[in-house]
Amino acid sequence: MDASLPAAGRPRPSLVKRVQTSWNRGLLHEYRLVGALALVTALLPGAVAISPGDVPMNLFMVPMLIGSLVLGPRQLHWFVIWVLVMLLFALTMEPSITGRTAASVGVLFLMALIVLLSSFRRSRLGVAGAMGESMLVDLRDRIINQGGVPTLPRGWRVESALRSAGGTPFAGDFMVATMPEAHRIEMVVVDVSGKGEQAGTRALMLSGAFGGLLGALPPEQFLPCANDYLLRQGWGEGFATAIHLSVDLRSGDFAVRSAGHPPALHRAAGSGRWSILESSGPVLGLIADAEFVGVHGVLDHGDAVLLYTDGMVEEPRRDIELGIDRLLGQAEGLLRGDFAGAADLLVDALGSRADDRAVLVLNRL
């Protein structure tokens, strides 16, 4: 064996070098930031000494605020201490300490305490405030992009819409779609327990896991495997409902399987009427070895299948069957052969604004 080749399981030298270079660049960037802020802070006592009447003590709040936004937990608490030291040093430059000056210093110490407490909490995440926010934005965009439907062949169209409780970008409802084969599309609509931001983290985790399962498993195995995955998590309240649609884009054959989810709706172009597709199965994450009974059918030209979450049909003091009947009536009234913008129309017309809402409509042209 050539001794120059890396041992099995050992990272290649080029990879190790790239990782080290990236790490060093990150550290260098952090130290440059803290060095620049420390230098600016060190200049403030000199400004107070030159013009004590014109330079307010509140000016020290500016570098402290900037540091709380851009510095990581490792540097932030030391920087706050540095700001307080410079503040006390500047205080000695004052010719006389008035009540207003003492009040400003007290406010600065209070702000420093708040920044330090937030820094200790942030150390659990290990990133700075602005970086942590950008990470959350990126994760939010990824969960939304998971619901993006691949480009369908000619003769098919899909519409989707998602609204979260309170209008925030994070929701407990999500959609995942994939085409494991050129002629077959798999779509699932999921409702995670909770609402809005409370369910956003669980929805994010499940969207990635379900996206991997959806494209790797036969349609009949998806919900059982998703149920096993949730059971392994051991979440106290981490259950979810889901409805899975598998469609052969050549023949129009489809299968719908539900896990404690409101039933799918089917529109027959011949009659122009919507009907309920009654599939059955327990909620995901509660029962081991659960069975999910599907319903099969064929989508002819002009037909459509509608998937939705319970936020579309549930409202306080109203039975869910009445909500489904209302959804059927709205679908017949709003979607008369033209499904352009169908999902947005239904979401805006129905559902509880206090609950997450999701709609997906697949139409064969």
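With a 10 Å radius around each residue's Cβ, average the other Cβ atoms per peptide and rank 205-218, 258-271, highest first.
Details: 205-218: 18.1, 258-271: 20.1.
Packing proxy ranking, top to bottom: 258-271, 205-218.
Calculate, for CYS225 and ASP325, the FRET efficiency according to 1/(1 + (r/R0)^6) with r their C-beta to C-beta distance and R0 45 Å; round to the nearest 0.05.
Working: r = 33 Å, r/R0 = 0.74.
Taking R0 as 45 Å, the efficiency between CYS225 and ASP325 is 0.85.
Relative to the compact globular guide of 2.2 N^0.38 Å, what is the alpha carbon radius of gyration of the stretch 216-333, as a ratio?
1.15
Looking at the P(r) of the stretch 167-284, how many percent of alpha-carbon pairs lie beyond 20 Å? Write down the numbers at each step before the final one.
Numbers: 3040 of 6903 pairs.
That tail contains 44 percent of the Cα-Cα pairs.
So if I place +1 on the C-beta of Lys and Arg and -1 on the C-beta of Asp and Glu, and nothing else carries charge, what would the dipole magnitude of the stretch 185-291 be about its Cα centre? I want it in debye, nearest 20. Could you put the intermediate results ahead of the total?
On the way: 7 positive and 11 negative charges, 61 e Å.
Magnitude of the dipole: close to 300 debye.
Over the stretch 51-94, one equal point on each Cα, no solvent: what is log10 I(q)/I(0) by the Debye formula at q = 0.20 Å⁻¹?
-0.64
Computed from the coordinates by the stated procedures, all read-outs in this text should not be read as laboratory data. Source: prediction; values computed, not measured. For neighbour counting, all protein chains shown are included, and Cβ atoms are generated from backbone atoms with ideal geometry for every residue, glycine included.
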